[in-house]
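Here's the structure we're looking at; comments come further down.
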Amino acid sequence: MAGTAQTDDWHALAAEAVLARLHSDVERGLSAEEAQARLRETGPNTLQAVRRTPWYRVLARQFVDVLIFILLIAATIAFAIGETGDAVTILAIVVLNGILGFVQEWKAEQALAALQRMLAPRCKVLRDGREQEIDARELVPGDLVLLEIGDRVPADLRLIEAINLKLDESALTGESLPVVKDVTPVEVGAPLALRHDIAWMGTAVTNGRARGLVVATGMATEFGRIAHLTQSVGEETTPLQRKLAVLGKQLGIYSVAISVLVAMVGWLVGKPLLEMFLTGVSLAVAVVPEGLPAVVTITLALGVRAMVRRRALLRRLQAAETLGAATVICTDKTGTLTQNEMTTRKIWLPTGEVTVTGVGYDPAGHFEVDGEKIDYRQCPDLLALLETGLVCNHARLEKDEQGWHQIGEPTEAALVVAAYKAWLSQPVEARTVSEFSFNSERKRMTLVEKTDEGLLAHVKGAPEVILARCTRILDGDSERPLTDADREAFNQAYMRMAEDGLRTLALARRRLPPEVALDAEAVEQELTLLGVVGIIDPPRPEVPDAIRTAHQAGIKTIMITGDAVATAQAIARRIGLRVEQALSGNDLQGLDDEALLAILRDRQVLFARTTPENKLRIVGLLQSLGHVVGMTGDGVNDAPALKKADIGIAMGKRGTDVAKNASDMILTDDNFASIVGAVEEGRRQYDNIQKFVRYLLSSNTGEVLAILVNILLGGPLILLPVQILWMNLVTDGMTAVALGVEPAEKGIMQRPPRAAHEPILDRGGILMIALLGGYIGLATLWLFHHYIQEGTEAEIQLAQTVAFTGIIVLEKMNVFNYRALHEPLAVVGFLSNPWILLAWMVTIGLQVCAVYLPFLQDALHTVPLGWADWGLILLVALPVFGLMEIYKWSRWRGRVN
């Protein structure tokens, strides 16, 4: 495995100490021989798999289900007693269900491969005193790596030289702004985001250049640690899986108990043992809804398509229903609640404050004062500020088929976008005479430009630093001396912006006299203050409504970000997210689980400066409180928590491949509001699963009751095993799938999430199953015995055919009772789900074929029926729907009135 020297305090050591500990040389780097020796010792600079799930295990998992076990046992028994057709039919359903689940759920452990694609494949190093480009996999601890703008850091580096260096660490730490790096050691135990002398593997250089010593490679890097963390998080079972498992166990117990009881009773009263064994098998098959696993799988697969229409891509079948049960959504800030595109929002000028419209790097927008659009061409002070922001800048904008994006530092790109909104053009580099770059000590940048009137210095930087070097101010179209009142107004303006979560930059300029020396101290004095700009990574405009809707649906939203507390609180205020307490990663380290559980239970809390371990801990504790947790994110730092959560939601456009491959669902439009639509879809799917589970069980209850009472009455077999399979797998399954596409009921997003422990079948559901199943069973029994007079073989076969057809028609009438659990069909709309009507007609048509086609007559042991037989069956079947509809009408009218 790739590695490092045994220490984790590189950030606290001086550069000389790091060189000495790694036995490296600042002038020559490592020798080729030493590098090869270390490579053999530490291994390549790659990320290794902690655990991979082979495809055959994923396939095998599809058959580890109680209902599947029962079906396999039934198939084995059927085969053993010579019912080969029944056995083959059952096995075909089991195999089909497994293939469907495998195709939808097969996801290899791709997070590591995605991490590797993010890493720089080539890098520049100093070896044997020569600069050379090598494969990043060959890096070893002690190598001296050279970085420049645009590079991706190939390993964890301790910087020993940094010139105007800034790194984009958003994918790793969640920090939305590029981080200024230097070589000064920091204290032991400093958080990752504050280790300014370390360049982390996988981050990107947005400004400057540097040299750094490799201190960790491969799995020993921070990226590798997160990869290990992600891979070691176990897969969580979903609420639906747990509830179906409980239901399957219960049905298994009931089927065995009823089968044994009936077979024993029949044998004791003198029935032949083989006939009673066959009857027991029939009852076992009747109790278990064989089509249920396949129907659930198909319904969830159809839900995948429905989710795509809502701009959500499911990577796991049960993800939708899990999201529908979510009680908490833990959301990252950068790129999830916000757009991850720095935008100039406010500009303070001595003449007043200007608001800049538009979002992100698209230069569409204009300038407003007090809500009224202004003509920037009539504002020389505004144009001067925008020009200085554009000239004193290294960023640029580019447009491709996906839209506008920036090259360079995002904050500088925000100034370029603001200037483009005034139709200013990018300056010519040849006019640049001198530049004094930004660093953490100077906190300012100056660029000297040659103009027709002479040299002009453009300066930008921290407001307090720029103000201290200004003696004049541009007021409208004229300069005047800077007064104390101006200073006070300036200070209030930038502090007000900072309180609103905006990053502030002051801008100034100076027309240089011919005799001035072109050094920083000589140039950066007697400046003319132009104003201050407020820049922010803006919230997505649809987020406030989405959070409000989530609240109405009983879902708690918690922001968990790697950004600063103040910035996170400002964004929370902007999006309407109520926050009672804000905790940083350091605060979390001082809280034990009991104290943090109390905060999570009782308060609306926000988490900032969090590490991947913090996020994992928060998600785990929320789950221990009984919450169904959804976690959104787009960065590498989100991946472990995405995998741990009940439902991990990654951003499709801006999300890293690591986050996507650790997630259960991907938002294809990166729109937080799409989560709300996905929640509604998840709730719809669960409601429909409840409907067809109840429908299938009420049908099977009727079958069991008819068989059981008939045996107690001493009659011949009312339903043959192959007929029961035909009902459960062919006719019931089709209508159950059609129930699975019922539209969402009204008010579905105004009710609280269902409790995690709530069973699929509550008392009301069981009562409904018992009543409807009881009617179906007794009506079928009456039809059967109505046709038996002499007990001849022909009479029995006709009676079996009538009972077989009658119970199917009864069940098809019963399906309309389950299109809505509380409202009558007239309110739902008879034509609102055309698929149920199509399934109804097809299943009745199949039964007609079963009665009249010779090859199906032979397979199902049926005989033709006359018109009078069909009329009697229809007459008996109508009450099963009519009586329930009358009951629903009475209840619905009571609620409405």
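The values are calculated or read from the model by the stated rules, or taken from the named source; none is laboratory data. Remember, predicted model here, so these are calculated numbers, not experimental data. Using ideal geometry, Cβ is built from the backbone for each residue, glycine included, and neighbour counts are taken over all protein chains shown. Remember, those area values only see protein heavy atoms, side chains included, never the ligands or the DNA or RNA. Shrake-Rupley method; radii C 1.70, N 1.55, O 1.52, S 1.80 Å.
Compute the relative contact order of the chain as a whole-number percentage, counting only Cα pairs closer than 8 Å that sit 6 or more residues apart in sequence. Value for the chain: 13 percent. Relative to the Cα centre, the charge distribution of the chain, modelled as +1 at Lys and Arg Cβ and -1 at Asp and Glu Cβ, gives a dipole magnitude of about 1860 debye. The ellipsoid that matches the Cα gyration tensor of the stretch 464-598 has semi-axes, each √(5λ) in whole angstrom, of 44, 18, 12, with the longest given first.
Taking GluC sites (Glu not before Pro) across the stretch 754-852, the ones in a DSSP loop with at most 13 further Cβ atoms lying within 10 angstrom of their Cβ are E790. In terms of the mean number of neighbouring beta-carbon atoms within 10 Å, the peptides 151-163, 823-835 order highest first as 151-163, 823-835.
Axis of helix 793-814 versus longest Cα principal axis of the chain: the two differ by about 30°, to the nearest ten degrees. Taken along its three principal axes, the alpha carbon spread of the stretch 744-816 comes to 59, 22, 14 Å, from the longest extent down to the shortest. Normalised by 2.2 N^0.38 Å, where N is the number of residues, the C-alpha radius of gyration of the stretch 852-897 stands at 1.96. Averaged over its residues, the stretch 758-855 has an accessible area of 43 Å² per residue, based on protein heavy atoms and a 1.4 Å probe. Amide H to amide H, with H built 1.01 Å from N, S434 comes under 5 Å of V448, counting only residues 5 or more places away or on other chains. When peptides 11-19, 261-269, 704-712 are ranked by their average number of other Cβ atoms within 10 Å per residue, the highest-first order is 704-712, 11-19, 261-269.
Rounded to the nearest whole Hz, the Karplus-based 3J(HN,Hα) values (6.51 cos²θ - 1.76 cosθ + 1.60, θ = phi - 60°) of the stretch 352-361 follow the sequence x, 9, 10, 9, 9, 8, x, 9, x, 8, with x at glycine and proline.
What is the distance in Å between the Cα centres of the stretch 605-640 and the stretch 346-384? Cα centroid of the stretch 605-640 versus Cα centroid of the stretch 346-384: 39 Å apart. The long axis of helix 410-420 is offset from the longest Cα principal axis of the chain by roughly 80 degrees.
Cα extents for the stretch 391-525 along the principal axes, largest to smallest and rounded to whole angstrom: 50, 40, 33. Compute the distribution of all C-alpha to C-alpha distances in the stretch 576-729, in bins of 5 Å from 0, and list the percent of pairs in each, rounded to whole numbers. Per 5 Å bin, starting at 0, the Cα pair percentages come out as 2, 8, 12, 13, 13, 10, 7, 6, 6, 6, 6, 5, 4, 2, 1, 0. The mean of 1/r over all distinct Cα pairs in the stretch 747-897, once inverted, gives the Kirkwood hydrodynamic radius of 17.6 Å.
The stretch 695-752 has equivalent-ellipsoid semi-axes of 34, 15, 5 Å, by the square roots of 5 times the alpha carbon gyration tensor eigenvalues, sorted largest first.
Using the alpha carbons alone, the radius of gyration of the stretch 386-438 stands to its Kirkwood radius in an Rg to Rh ratio of 0.98.
Within the shell of other residues whose beta carbon sits under 11 angstrom from the beta carbon of V579, the net charge comes to +2, with Lys and Arg scored +1 and Asp and Glu -1.
Summed over all non-identical Cα pairs, the Kirkwood treatment of the stretch 608-650 gives a radius of 10.1 Å. Here the stretch 598-672 is treated with +1 on each Lys and Arg Cβ and -1 on each Asp and Glu Cβ, and its dipole about the Cα centre works out to around 240 debye. Note on T451 and E27: the model spin-label points, each 7 Å out from Cα along the C-beta direction, lie 4.7 nm apart. Amide H contacts of K653 (H built 1.01 Å from N, in plane; Pro and chain starts excluded): D670 sit under 5 Å, all sequence-distant by 5 or more or on other chains.
Qualifying GluC sites (Glu not before Pro) in the stretch 477-561, where qualification requires a DSSP coil assignment and no more than 12 other C-beta atoms within 10 Å, comprise E515. Computed from phi, the 3J(HN,Hα) profile of the stretch 267-273 under the Karplus parametrisation 6.51, -1.76, 1.60 (θ = phi - 60°) reads 5, 5, 8, x, 6, x, 4 Hz, with x in place of Gly and Pro. Candidates L717, I560, L482 compared by Cα position along the dipole of the chain: farthest toward the positive end lies L717, with charges placed on Cβ.
Once the Cα atoms are used to define both axes, helix 32-42 deviates from the longest principal axis of the chain by about 30 degrees. Applied to the stretch 669-679, the Karplus parametrisation 6.51 cos²θ - 1.76 cosθ + 1.60 on θ = phi - 60° returns per-residue 3J(HN,Hα) values of 10, 6, 9, 4, 5, 5, 4, 5, x, 5, 4 Hz, with x for Gly and Pro. Cα centroids of the stretch 502-572 and the stretch 712-790: 62 Å apart.
Can you work out the base-10 log of I(q)/I(0) for the chain at q = 0.07, 0.09, 0.10 1/Å, using the Debye formula on its C-alpha atoms alone? So the normalised log intensities work out to -0.70, -0.95, -1.08.
Take 449-459, 32-42, 602-612 and order them by the average number of nearby Cβ atoms within 10 Å per residue, most first; the result is 602-612, 449-459, 32-42. Ordering V18, A75, L583 by the projection of their Cα atoms onto the charge dipole of the chain, which places +1 on the Cβ of Lys and Arg and -1 on the Cβ of Asp and Glu, puts A75 at the extreme positive end. Taking amide hydrogens as placed 1.01 Å from N in the peptide plane, the amide H of L30 sits under 5 Å from those of D25, D128, L144, each at least 5 positions away in sequence or on another chain.
Atom-type composition of the exposed protein surface of the chain places 58 percent of the accessible area on carbon and sulfur (1.4 angstrom probe). Placing +1 on the Cβ of every Lys and Arg and -1 on the Cβ of every Asp and Glu, with no other charges, gives the stretch 347-400 a dipole of roughly 180 debye about its Cα centre. Expressed to the nearest 5 percent, the antiparallel share of DSSP beta bridges inside the chain is 75 percent.
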